[in-house]
Amino acid sequence: MIQDLRRSSSFCRSVTALALTAQLPLLVAGLAGCAKKPPPPPPPTVVVSRPLQRKIVDWDDYVGRFVAENSVDVRPRVSGYLQSIGFRDGQTVRKGQVLFVIDPRPYQDALDQARGQAAHAASALANARIELARAAKLLADKAISEELYETRLATEQQAAADLVTAQASVASAALNLGFTRVTAPVTGRASDHRISPGNLVVQDQTILTNVATLDPIWFTFDAAESYALKYEQERLGGVRPSSRTYPNPIEIRLQDQPNYVIHGHMDFVDNAEDTNSGTIRARAVVPNPTLKLTPGMFGSMRLLGSGSYDALLIPDDAVSSQQADQIVYVVRGGVVQQRKVVTGPLVDGLRVVRQGIQPDDEVIFEGVTRARTGQKVTARAGQIVPPSPGASPSPADLAPPPSSATFAATTP
């Protein structure tokens, strides 16, 4: 053993001598055998924390479109030449407001003619009644035959019928005259005028403009059959309140809005599903006092999909993907362990974990890339803080938990 050390010392002195003669290649090779081995690296440091426990509710996510509650194409009910327009394009109009005027002169003449005919019929009826009364007296004195009396009676009845016909003609002519003033069928915002004054408009054919009711406005969407069944089970089980008493709340955001700031409630689900797509049509009512929302706009809507339930939340970066599985690393006894988890939606920027971890597990949420299963680590205690606390709103109605959904929100 001592001889080996002596030989080693002699070898190192020889290497040093070679260095002095500038034989550098031999120096590098020789010193490699003389260097001491470095100590093993310390265990990597990771930051761990127990998952946050919160009460949350789930929201189901849909894409839909805004539609007007009432949308009416305004058409003339009589033909004629357009005389004037009584509104500005895009103006909010009231029900009954005059929008267009068709030249009324031909219809005024027709009304005057009908009134003249009605007056003639009334005069004929008066004369027939006088003749009938005279015939009745003569018949009582047996001065005329019964046949002549019956003729006078038939004449009086015919005159009465002619008067009724004439009066109906007057009413029809007056109605047509009134139709020359085209009014708004509903209260809402008018479109532009499609016909300019001086043009001929045809009864029940020419579209003059369109009036749409915008406050409130409807939001329509198609729900999958699975969600429709879930909602019905929740309603029958008492989880979801009846929409007649407590409307289901909904929240909508537009394409330029990062948060769900538009609120409304469900009011209709269709009575049959689409056999081709397996979806059912549904509708929500949204207040629109500023008329910012217009028919045809798309929006992302979320509908309350559950009641309140307890959930575990961790940062989304703490979840790793391993092929088709989702993995979370925890520390037990200073050693990294791997847990296969089932995740849920995001809540205030944190990921819901439905299965795979326990409330007392120390989850690695910083230094995940340095963690290896079975490796010893130095665990430093940290704190999970939501990156956007309070971003998810709280629903009004809470109940026991049903199935999963797309979004979730914390509850107070």
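Coordinate-derived values only; no laboratory data. All values derive from a computational prediction rather than experimental measurement. Every residue, glycine among them, receives a Cβ derived from its backbone with ideal geometry; neighbour counts consider all protein chains shown.
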(request) Using θ = phi - 60° and the Karplus relation 6.51 cos²θ - 1.76 cosθ + 1.60, list the HN-Hα couplings for the stretch 365-376 in order, rounded to whole Hz, with x at every Gly or Pro. (result) 10, 9, x, 4, 5, 8, 8, 10, 4, x, 8, 7
(message) Calculate the FRET efficiency for residue 112 and residue 194 from the Cβ-Cβ distance with a Förster distance of 25 Å, rounded to the nearest 0.05.
(response) 0.20
(message) To make sure I understand, if each residue's beta carbon is the centre and we count other beta carbons within 10 Å, what order do 362, 69, 147, 251 fall in, fewest to most?
(response) 147, 69, 362, 251
(message) Checking the a/c ratio against 1.5 first, then a/b against b/c, what shape does the Cα gyration tensor give for the stretch 263-363?
(response) prolate
(request) Could you please report the charge total around residue 220, scoring K, R as +1 and D, E as -1 over all other residues with beta-carbon less than 9 angstrom from its beta-carbon? (result) +2
(request) First measure r as the distance between the Cβ atoms of residue 71 and residue 272, then evaluate 1/(1 + (r/R0)^6) with R0 = 30 Å and state the FRET efficiency to the nearest 0.05. (result) 0.85
(request) Grab the beta carbon distance between residue 290 and residue 98, set R0 = 22 Å, and tell me the FRET efficiency rounded to 0.05. (result) 0.25
(message) Which residues does the label zone of residue 370 cover in the stretch 39-53, counting backbone N under 16 Å from a point 7 Å along Cα→Cβ?
(response) 40-49
(message) Assuming 0.36 nm per residue, please report the length gained on full extension of the stretch residue 151 to residue 89 beyond their Cα-Cα distance.
(response) 16.0 nm
(request) Treat the count of other C-beta atoms within 10 Å as a stand-in for reagent exposure and order 145, 308 from fewest to most. (result) 145, 308
(message) Could you give the length gained by full extension between residue 119 and residue 161, i.e. 0.36 nm per residue of separation minus their alpha carbon distance, to one decimal place?
(response) 13.8 nm
